[in-house]
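The values are calculated or read from the model by the stated rules, or taken from the named source; none is laboratory data. These figures come from a predicted structure and were not determined experimentally. So basically every Cβ, Gly included, is an ideal-geometry build from the backbone, and we count neighbours across all protein chains shown. We work out accessible area using only protein heavy atoms, side chains counted, and drop any ligands, DNA or RNA first. Shrake-Rupley method; radii C 1.70, N 1.55, O 1.52, S 1.80 Å.
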Amino acid sequence: MAPKGDNVVVSNIKLERMLSMKGGKGEASYANNSQAQAQHARSVLHLLKETLDGVHLNSPELPFVVVDLGCSCGSNTIYIIDVIIKHIVKRFEALAVDPPEFSAFFSDLPGNDFNTLFQLLPPLATYGGSMEECLAADNHRSYFAAGVPGSFYRRLFPARSIDVFHSAFSLHWLSQVPESVVDVRSTAYNRGRVSIHGANEAAAAAYRKQFQTDLAGFLWARAHELKRGGSMFLVCLGRTSLDPTDQGGAGLLFGTHFQDAWDDLVQEGLISSEKRDSFNIPVYAPSLQDFKEVVEADGSFSINKLEVFKGGSPLVVNQPDDAAEVGRALANSCRSVSGVLVDAHIGDRLSEELFSRVERRATNHAKDLLEKLQFFHIVASLSLA
């Protein structure tokens, strides 16, 4: 995260060490701006449970291990872990077998606000070490929890140690901005843009190649870590267009008012056009074909399910007719996922200027945003081939 202070600029820091959703519990924090993700997660619970029904149940003498990759710092990840464990418990009970102990790993990049996440965890229920009593305890968790910092594009766990991997709303984040899109000497230089949305063909190809490389690395790592009989359930931003420069909802989030706000700073002389062009959001919403091609080329996993689902709007507002509330919701949503990167690139003061312009522009287009800003998500259920 960017150091505190007025207009502090951080440069030459690897994205992996810096990227995180906005921590804490403030108005623009991820914890307070992830309601849309929660709603969509609930809408695909039936698919998650289908995946869990296919997971092999090992001896109850061995712990059942669940991982949430890209857990961030809100309550969504805790809810999902709870759903997974309760469903597995029911499967054991249906076999008239005592459930095993459960271990849950919450994993994200080192900059993630694990402190806020762990403060949200309910206390561990331990009554004489009995897992049955633990599972029956209200408002307590029935699993041992740990945080695992690191990029999920590399190995994070011992070989054949994980029963279930879950990851939601994370795999569209690339491991890095493709170098060529911020290289003024390259044909892929993304001049005038801060995202892939509306980019030139060469820039779009660079983004797509980075996504392919990253997803291949993700699959390679998970293929080593997953137990035989285990499964993965993955959700990420997706697109319905074959054209990668049409990023759908992600494009509307980062390619319209956010883009225009950067242009405002340039036109007002607050930053140079070069400063704007050297910032790109490392997000790529793949098509179903993009995703499928990488999985099939890797060959480690069988596809149980791979579909695109309409995920709704990222704007959760109490009063849709209140343009100011819609404007704040868009600015906060955008800031909760990109604010750390913006702060690092242009500093705290200019970041405030940028997001105030995002809010103002979104307020002026509130009705249009509510009608058109819709996300699509790719949902994948995979098991070892």
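A compact table of results
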quantity: Out-of-range pairs (alpha-carbon distance over 26 Å; input 310/367; 292/367; 49/310; 275/372; 305/372; 209/372); calculated: 292/367; 275/372; 305/372; 209/372
quantity: Surface share of carbon and sulfur [accessible, 1.4 angstrom probe, percent] for the chain; calculated: 49
quantity: With at most 10 other Cβ atoms within 10 Å, longest stretch of the chain clear of loop GluC sites (Glu not before Pro) (DSSP); calculated: 62-267
quantity: Helical mean residue ellipticity (222 nm; -39500 (n - 2.57) per DSSP H run of 4+; nearest 500) of the chain; calculated: -13000 deg cm²/dmol
quantity: Estimated distance in nm for a label pair at residue 191 and residue 242, the labels positioned 7 Å out from Cα along Cα-to-Cβ; calculated: 2.9
quantity: Computed E for residue 50/residue 263 - FRET, C-beta separation, R0 56 angstrom, nearest 0.05; calculated: 0.80
quantity: Karplus 3J(HN,Hα) series, Hz, for the stretch 177-192 with 6.51 cos²θ - 1.76 cosθ + 1.60 (x for Gly, Pro); calculated: 6, x, 4, 5, 6, 10, 9, 4, 7, 8, 5, 8, 4, 8, 4, x
quantity: Under 14 Å from the Cα of residue 227 - aspartates and glutamates, other chains or at least 8 residues apart; calculated: 163
quantity: Accessible surface, the chain, averaged per residue in Å² (probe 1.4 Å); calculated: 42
quantity: Linear extension gain, residue 115 paired with residue 321, 0.36 nm per residue minus alpha-carbon span; calculated: 70.5 nm
